[in-house]
Amino acid sequence: MNNTETVTVDAAAAAGAKEAKEKLNAKETFWQVLFLICGIIAVGFVLAISIYLIISGIPAIHKIGIFKFMFGTKWASTAAEPSFGILPFILTSIYGTAGAVVIGVPIGLMTAVFLSKAAPKKFAAVIKNCVQLLAGIPSVVYGLVGMIVLVPSVQKAFHLASGATLLAAVIVLAIMILPNIINVSLTALDAVPKEYEEASLALGATRTETFFKISVHAARSGIAAAVVLGVGRAIGEAMAIIMVSGNVANMPGLLKSVRFMTTAIASEMSYAAVGSLQRNALFSIGLVLFVFIMLINVFLNVVIKGKGKEQ
Amino acid sequence: MTDDTEGIILSGTIVSVKGLNLWYGDHQALKNINVDIPQNQITALIGPSGCGKSTFMKTLNRMNDLIPGVKIKGDILYRGQNIYDASVNVTDLRKKIGMVFQKANPFPMSIYDNIAYGPRIHGVRSRAKLDEIVEKSLKDAAIWDEVKDRLKASALGMSGGQQQRLCIARALAVQPDIILMDESTSALDPISTGKIEELCLQLKEKYTVIMVTHNMQQAVRVSDFCCFFLLGELIEAEDTKTLFSMPRDKRTEDYVTGRFG
């Protein structure tokens, strides 16, 4: 009698456990589906944007002719006989980004090395906070300050009619990418095992030799990622540079007023008539910019991964 | 006992420590250490954890300088020169007194570049000369045969024991005079440990070896001279046989017979 009772109780417990398990499974499934949807949303947006850009960018390129569009040196979208050559924009974007990287990466890397390895802790904390602030400043503010401070200085320094030049834009971009470069390199440098540095010092290397030959070397894939981020930010920036670069569709020169791919879109989109070739050509510029950024990312990723394998 | 000790003194002293005291902040980690380390011998530093043996060893190549809040008093004479003298160039000193760490720490580079790193920072540029140094160092560390076909491969792909011998080779590449080994076999399996011990016995022909070890058998097997540390004091420094068979101090006896620690 006692035995049967226990059995019934056990069976009831088992049934309860089964029910609980099913409930748990249902819960699990719910969350998994939710996560899946969130993941799909991101992918979906990327796909939607890519498809939209391609669809809206192709017609103008087709009409103008890809060669004329990409390598034409004259942009006169509102002239009686319009001309849609975006080579000046492409080159300006490339030069501007390259210039920003050439100035920004060494300064950012040195700052990161200093903060990670050499700076007294309290001082480093102050600088790190400043860098965070720098990252938080809206790009339009960079543009404003650049317009008020930098542009007149460039004008005076080189005796120009206007200081709104590629040079001013390069300097603004270099400052804008500093926080990215510093933060990401800093994380990579902080992660370098102390043992590497100790081993180097014990071999009679100076601290400076150790930082540059061991720490930076060990952190190089992180530093490369920092450069990629910096390039991405520089090539995609519009607001800050539209205010300091003069926004004239010249072939680029360091002391000439220039227009970037981004600023070309931003400055004309507001008055281009819907369905006009001008508006479609702006979409095409967007497509070219998009392809550029993809190519740069892929290229740098391959380079980084290739280097990673080598060690 | 006296005979043995004299024998060791006759072989020459390479490092002479006089009245060494060291503080980490307020904590005194080394208390009035006096000892003469014999040249071309293996000296073992033994004692329980936290007794100051590693700290003592790191005073010899001034790696303790890197720790904030460290204060050092006393003299350490290396070949007659006080290494804490203001005129001493620390990087030159560390070149002369090399170090192998507890955990094998090869750089994330190729085997070749690991060995060539030291010579390169000390100004060796010629490829032929570097090749020669790399080969010689790897041979001296008894690892050449295992790696000669893959010098360009990453050092991180080697086994733990190989990595540690690579680190020894890397230390040898800058032509040191003394090699400090900080529990360099504690993370290795018995076979790798055996190889490194054998290597130490060969190394003492050309170099002076000072090792920190937790392994009493290891101290007996390989060392000629032995220093027992306890709570920051150097309790006893003797030739190894004497220290283990006829310790003068009760505390030494308790430790070497395994009664504590």
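The values are calculated or read from the model by the stated rules, or taken from the named source; none is laboratory data. Predicted model only: the values in this text are computed from it and were never measured. Here the Cβ positions follow ideal geometry from the backbone for every residue, glycine too, while neighbour counts run over all protein chains shown.
Structural remarks
- Residues of segment B:203-259 classified as among the basic types (Lys, Arg), more than 15 Å from the chain's Cα centre (by Cα) and modelled with pLDDT of 90 or more, total: 5
- When B:Lys139 is tested against (1) within 14 Å of chain A (Cβ to nearest Cβ); (2) out of contact with any strand residue (DSSP E or B) (no Cβ under 8 Å at 6 or more places or on another chain), just one condition goes unmet, and that condition is (1).
- Residue within segment A:177-194 that is surrounded by fewer than 21 Cβ atoms within 10 Å (Cβ to Cβ) and in contact with a strand residue (DSSP E or B) (Cβ under 9 Å, 6 or more places away or on another chain) present: no
- Selection from segment B:59-78 of residues that are part of a loop (DSSP other than H, G, I, E, B) and without any contact (Cβ under 8 Å) to a residue 24 or more places away in the chain: B:Pro68
- Scanning segment A:163-217 for residues that are within 23 Å of the chain's Cα centre (by Cα) and away from every other protein chain (no Cβ under 14 Å) yields a count of 24.
- Conditions (1) touching a Pro at 6+ places or on another chain (Cβ under 6 Å); (2) buried (at least 17 other Cβ atoms within 10 Å of the Cβ); number of the one not met by A:Leu150: (1)
- Qualifying residue in segment B:63-71 (condition: at pLDDT 90 or above and within 11 Å of another protein chain (Cβ to nearest Cβ)): yes
- Of the residues making up segment B:79-113, those that are more than 9 Å from chain A (Cβ to nearest Cβ) and not in a loop (DSSP other than H, G, I, E, B) are B:Gln81, B:Asn82, B:Ile111, B:Tyr112, B:Asp113.
- If you go through segment A:250-274 and pick out every residue that is touching a strand residue (DSSP E or B) at 6+ places or on another chain (Cβ under 7 Å) and surrounded by fewer than 21 Cβ atoms within 10 Å (Cβ to Cβ), you end up with 1.
- Pairs, first free of Cβ contacts under 8 Å to residues at least 40 places away in the same chain and under 13 Å from B:Ala187 (Cα atoms) in segment B:156-171, second among the aliphatic types (A, V, I, L, M) and part of a helix (DSSP H, G or I), C-beta under 7 Å, six or more apart: B:Arg165/B:Ile196; B:Arg165/B:Leu199
- Any hit, segment B:142-164, residues being in contact with a helix residue (DSSP H, G or I) (Cβ under 6 Å, 6 or more places away or on another chain) and closer than 22 Å to B:Leu60 by Cβ: no
- For A:Ile223: the one exception among (1) among the β-branched types (Val, Ile, Thr); (2) away from every other protein chain (no Cβ under 14 Å); (3) under 30 Å from B:Ile67 (Cβ atoms): (2)
- Flag if B:Val124 is of a type in the set (Val, Ile, Thr) and either part of a helix (DSSP H, G or I) or crowded, with 23+ Cβ neighbours inside 10 Å (or both): no
- Residue within segment B:63-77 that is surrounded by fewer than 22 Cβ atoms within 10 Å (Cβ to Cβ) and of a type in the set (Lys, Arg) present: yes
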